[in-house]
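Shown below is the structure under consideration.
Every number in this text was worked out from the coordinates using simple rules, so none of it is lab data. From a predicted model like this one, the values you see are computed outputs, not experimental measurements. Heads up, the Cβs are rebuilt from the backbone with ideal geometry, glycines too, and the neighbour counts pull from every protein chain shown.
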Amino acid sequence: MFALGTAGATIVAALLLHPRSGHPRSGPTANQASAFGDDGMLMTARLTSTRILAGAHDQDLAVTITAPQGRAAQRPPLSLAVVIDRSGSMSGEPLQNAKTAAAKLVTQLDASDAFSIVTYSSSDETVAPMARATDANKAAAMAAIAQIAEDGGTCISCGLVRGANELARSPVLGGVHRIMLISDGQANEGIFDRDQLAELASETASKGTSISTVGVGLDFDEVTMTRLADVGRGNYYFVEDTRHLEAMFARELGGLAETVAADVRLVLTDRPGVRIEEAYGYPMTRAGDHAIVQISDLRAGETRKVVLRVHVATRTLGTLDVTALELGWRRVSDGAQRKATAGVRVEIVDDEAAVAATIDPSAVDAVEQVHTARALEQATQVYETQGAAAAQEVLHKRVQAVRLNKNLSKPMLQRLEAATSAADGDFAAAPSGGAAGKKASKASRAKAYELVK
């Protein structure tokens, strides 16, 4: 867990959007937040104060990305591959509920969409090959879904690869391509190393197919499932009772129908004396002096917050360029590549009072939110290895930190207190090894995932 520094910096930079062709325009880099161009995409970049102390410090940069409001006149066409775990542990009601939910999902597609149904256990199988969602194809798929039976182990990689291969054959051009991966267990066949599975998901996402993961029951590996959703640029769902799968599918489909931006990527460029070190809760890679953060698809009006740890080292007083940001995305309505650019500057001072005078409460809220998410994740790991008392100590320290932060808004304080209190109570109520303990771990990690996004 990283503590919030005593000094930070806040800059809200304006963005100028530009299409794939033509010359990009540069936006102003001081104390403005505006959106330009026909997309209406808005990005702001804030440190927690417009001034920071001279010297070497880790700062937190809060980047907020807001997609334009309003749905398109026509929703984007969808290409979906529903990948269902049919291993032996899914036998009975869980598999039946998954089949019912998948069939209901198919009925909600129309002829502008395409879909495939894939199953996996020790191997993989295409139950319904990729095809347009015509009435005839939907009827054939529902008949095939009804015949799915449980068998074998859990080869998650098998299902992912087959789902991606099916989507590569989609007859639908453009739109949104999504794998919905369902699992109730831990990968024990095929690729089961977490890093290798994440690499497979990342490679799939880089080709334009995002991955949402659904962990069902209490025995799945939520660390792997959340990571696959992160690098796969999709969503993660924890569904304890498979009877709720149908509602979850409806939520996911509704979000896909409102998607306005896909293949979203944030690139930050280091400036002299500055290095982008980490993106909390998001996969980040580096290429030279660039830090690259992959972000999941954006729905109309949706806001995503990315908080980054930035190391600043300078003893020279005055204005410092912190980073240049470039947000890139594919506009789903027409496939056009779009960009937004911004620059962040901060004033280097030697007076703590001057720093305190320019604190940005909205940036503080975002930063404390991700640090609380990290504390929840850390507490869950401690709970599983050292027990409830040690986990509660982690949570109590985090609560104390947020309560001492006088710049935190009251609504955010209440939200963070509620999140830590829920985990505290769950951990205290059950040992980590049993069913109740598994539920507590999964609920805590789900809350951490929600906070960081």
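Lys and Arg at +1, Asp and Glu at -1: add these up for the other residues within a Cβ distance under 14 Å of residue 364 and post the number.
Taking every Cβ under 14 Å from that of residue 364, the sum is +2.
With an 8 Å cut-off on Cα pairs and a minimum separation of 6 or more residues, tell me the relative contact order of the chain in percent.
RCO, the chain: 19 percent.
Provide, in order from the shortest bin, the percent of all Cα-Cα pairs of the chain in each 20 Å bin, continuing until the bin that contains the maximum pair distance.
Histogram of Cα-Cα distances, whole percents per bin: 24, 53, 21, 1.
From the phi of every residue in region 239-246, what ³J(HN,Hα) in whole Hz does the Karplus formula 6.51 cos²θ - 1.76 cosθ + 1.60 yield, where θ is phi - 60° and glycine or proline is x?
3J(HN,Hα) across region 239-246, in whole Hz: 10, 5, 10, 5, 5, 8, 4, 4.
Each residue of region 208-215 in turn: what ³J(HN,Hα) in whole Hz from Karplus with 6.51, -1.76, 1.60 and θ = phi - 60°, glycine and Pro shown as x?
Result, rounded to whole Hz: x, 10, 8, 10, 9, 10, 10, x.
When averaged across all projection directions, what area in nm² does the alpha-carbon convex hull of region 269-368 cover?
7.9
For an R0 of 60 angstrom, estimate the FRET efficiency from the Cβ-Cβ distance between residue 315 and residue 203 and round to the nearest 0.05.
The formula returns an efficiency of 0.90 here.
I need the peptides 412-419, 156-163 ranked by packing, meaning the mean over residues of other C-beta atoms within 10 angstrom, with the highest value on top.
156-163, 412-419
With r defined as the distance between the Cβ atoms of residue 336 and residue 194 and R0 fixed at 41 Å, what FRET efficiency is calculated, to the nearest 0.05?
Given R0 = 41 Å and the Cβ-Cβ separation, E is 0.70.
Once R0 is set to 45 Å, what does the formula 1/(1 + (r/R0)^6) return for the Cβ-Cβ distance between residue 436 and residue 140, expressed as a FRET efficiency to the nearest 0.05?
In this case the efficiency is close to 0.60.
Using a cut-off of 11 Å between beta-carbons, work out the net charge of the residues near residue 126 (Lys and Arg +1, Asp and Glu -1, residue 126 not included).
-1
Report the local net charge at residue 289: Lys and Arg +1, Asp and Glu -1, summed over other residues whose C-beta lies under 9 Å from its C-beta.
Spelling it out: positives minus negatives among the neighbours equals +2.
On to the next question. Under the rule of at least 5 residues apart or a separate chain, name every residue whose amide H is placed under 5 Å from the amide H of residue 233.
211
Hey, another quick one. Could you tell me how many cubic angstrom of Cα convex hull volume region 41-134 has per residue?
212
If each of residue 241 and residue 56 carries a label point 7 Å out from its Cα toward its Cβ, how far apart are those two points in nm?
It works out to 5.5 nm between the two label points.
Another question, if that's okay. Taking the chain, how many lysine pairs are there with alpha carbons less than 21 Å apart, if each pair must be eight or more places apart or span two chains?
15
Could you sort 254-261, 365-372 so that the peptide with the highest average Cβ count within 10 Å comes first and the rest follow in order?
Averaged packing, sorted descending, gives the order 365-372, 254-261.
Kindly put 44, 100 in sequence by how many other C-beta atoms sit within 10 Å of each C-beta, fewest to most.
Going from least to most buried by this count: 100, 44.
When the gyration tensor of region 78-257 is built from Cα positions, what are the square roots of 5 times its three eigenvalues, in whole Å, from largest to smallest? Present the calculation step by step, with values, prior to reporting the outcome.
Numbers: eigenvalues 93, 70, 43 Å².
Three semi-axes, in Å: 22, 19, 15.
For region 316-453, what is Rg from Cα atoms divided by 2.2 N^0.38 Å, rounded to two decimals?
Relative to the rule-of-thumb radius for its length, region 316-453 sits at 1.38.
Which value at 222 nm does the chain reach when only helices count, each DSSP H run of 4 or more adding -39,500 (n - 2.57), with the total divided by all residues and rounded to the nearest 500 deg cm²/dmol? Don't skip to the end; give the middle numbers.
Values: 11 runs with 162 residues, N = 453.
After summing the helix terms and dividing by the residues of the chain, the value is -11500 deg cm²/dmol.
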